[in-house]
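Take a look at the structure below.
The values are calculated or read from the model by the stated rules, or taken from the named source; none is laboratory data. Keep in mind that this is a model prediction, so the values were computed, not measured. Virtual Cβ from ideal backbone geometry, glycine too; neighbours counted across all protein chains shown. These area figures cover heavy atoms from the full protein model, side chains too; ligands, DNA and RNA do not enter into them. Shrake-Rupley method; radii C 1.70, N 1.55, O 1.52, S 1.80 Å.
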Protein chains: 2
Amino acid sequence: MGISPLPPLTPRKSPRQDRAVATLDAIFEATIQVLLSDGLIRLTTTRVARRAGVSVGTLYQYFPNKQALLFAVMERYLAMLSGAIEEACAQNLGAKVEGIAETVVKAYLEAKMDQAEVSPSLYRIALELDARELIEAASRRSAKAIGAVLSTAVDGRFANPALLAQTLTAALYGTLPAFCHLVLSPADGREAQKQLTIMFRSYLASHQNGGLSADAAP
Amino acid sequence: MGISPLPPLTPRKSPRQDRAVATLDAIFEATIQVLLSDGLIRLTTTRVARRAGVSVGTLYQYFPNKQALLFAVMERYLAMLSGAIEEACAQNLGAKVEGIAETVVKAYLEAKMDQAEVSPSLYRIALELDARELIEAASRRSAKAIGAVLSTAVDGRFANPALLAQTLTAALYGTLPAFCHLVLSPADGREAQKQLTIMFRSYLASHQNGGLSADAAP
DNA sequence: GTTAGATGTGAAGGATCTTTCAGTTTTTGG
DNA sequence: CCAAAAACTGAAAGATCCTTCACATCTAAC
């Protein structure tokens with residue numbers, strides 16, 4: 001086993017017509033379903049295709065191999081998460097710090113609760129293929145958005161909003177692997193939201209108006 | 001797909017000679033190694049056997065199928081965990097409550113840190129095959145041991161030591177899936193130990209000498 | 001209506017895997 | 001030292017699975 005050829009992981013082609021978009025959606029949905037009902041070991045390209053109501057050939061038209069499919073599913077999930085955060089941030093430009101903290105946490109957890117029952121399966125993928133870069137990329141996007149809202153907050157100027165945003169994002173995404181193994185009940189979700197909001201608010205308050213030097217960078 | 005035949009998951013036979021014990025150990029170790037280097041999808045009975053320095057046939061002498069092997073690996077890991085707790089409890093009969101709390105947490109986390117780098121892989125197995133019953137059995141064993149020490153504590157009588165033990169065990173094993181996806185550094189381990197010890201001590205203190213009614217059972 | 005490009009099909013090749021079994025080697029007990 | 005039991009071997013059958021490819025079908029634009 002010398003230098004492995006490193007099979008491509010990027011999609012093979014993008015859909016141009018509407019029905020192709022529908023096909024792709026069906027494939028993604030089917031992948032989740034198979035993962036849920038059959039497990040990762042028994043997840044088969046043929047099985048996924050059949051569940052999606054397509055033929056295997058169609059699947060391979062969009063993904064060069066099975067791993068690329070799993071990667072794409074993971075990517076799509078993370079994009080949904082960071083997308084929700086970005087949208088929430090965009091709608092809170094110029095708001096107050098308290099409101100920002102609450103909105104960000106709420107956006108994240110609501111997006112997560114929507115996918116509550118599939119998240120354990122996605123976590124399984126993340127463990128299997130090494131998805132660190134994917135997760136980091138998503139969290140970088142979120143941090144950028146959060147940094148942007150923070151610097152527009154009407155109350156309080158932050159010495160280093162980017163650093164704060166990075167910390168908050170880490171806390172947010174850090175709880176992801178910790179919790180996504182279990183299916184959160186609505187009650188659990190509410191409680192988690194409450195606790196995280198409090199944490200974020202106090203963290204931000206301690207840095208408000210230069211409360212502490214936050215510029216020390218190695 | 002009607003009623004599936006439900007393949008057996010129990011070991012095929014037990015080792016009688018020393019070398020057979022060594023073989024089994026090698027197989028277990030090899031399973032972990034393959035899981036670590038190749039992932040769950042590429043974990044193959046042949047691969048495991050080769051890494052263990054045995055032939056496939058030997059592997060199938062002890063396990064009726066691949067799933068039984070994975071189950072056994074999981075079982076062995078959990079037995080180690082609950083075994084560590086049981087031993088710690090046995091050596092603290094008649095001790096003080098503070099000491100008991102500290103010892104139990106320490107025993108659990110030390111056992112876990114020993115296996116730090118394999119724990120993510122084991123978690124992958126736990127997700128794949130449904131290991132809930134296994135985990136519950138292990139935590140029941142631990143709860144029994146903890147309940148026993150608590151009822152012998154020199155200071156303080158507990159109204160319902162079994163209930164307290166059950167709660168503590170849940171907290172302990174509950175953090176297992178939450179944390180075992182990451183490789184704990186020694187520093188993280190120390191910090192976790194500190195926090196859990198504090199939590200346990202205060203929980204126990206609040207119930208000491210009938211501080212609260214703890215007998216409400218549904 | 002025609003045609004080029006986009007999309008979809010599914011049988012089949014080739015690779016890999018699980019599991020078995022007939023036979024060999026090692027250990028134990030006498 | 002010998003026979004019976006235990007342990008081990010590894011080739012190979014049978015089952016899956018990944019992936020491709022030659023071909024059919026559909027869509028859009030002229």
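In segment A:199-217, is there at least one residue being surrounded by fewer than 19 Cβ atoms within 10 Å (Cβ to Cβ) and modelled with pLDDT of 70 or more?
Yes.
Would you confirm whether or not segment B:32-41 contains a residue that is at negative phi and within 10 Å of DNA strand D (Cβ to nearest atom)? Write out each step before concluding.
Initial filter on segment B:32-41 (at negative phi): B:32-38, B:40-41.
Checking which are within 10 Å of DNA strand D (Cβ to nearest atom) leaves us with B:41.
Yes, some residue in segment B:32-41 is at negative phi and within 10 Å of DNA strand D (Cβ to nearest atom).
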*Going through segment B:81-136 one residue at a time, which ones are without any contact (Cβ under 8 Å) to a residue 24 or more places away in the chain, within 14 Å of chain A (Cβ to nearest Cβ) and open to solvent by 60 Å² or more (accessible area, probe 1.4 Å)?*
B:Asp130, B:Arg132
*Do we find a residue being open to solvent by less than 30 Å² (accessible area, probe 1.4 Å), out of contact with any helix residue (DSSP H, G or I) (no Cβ under 6 Å at 6 or more places or on another chain) and more than 16 Å from DNA strand D (Cβ to nearest atom) anywhere in segment A:52-69?*
no
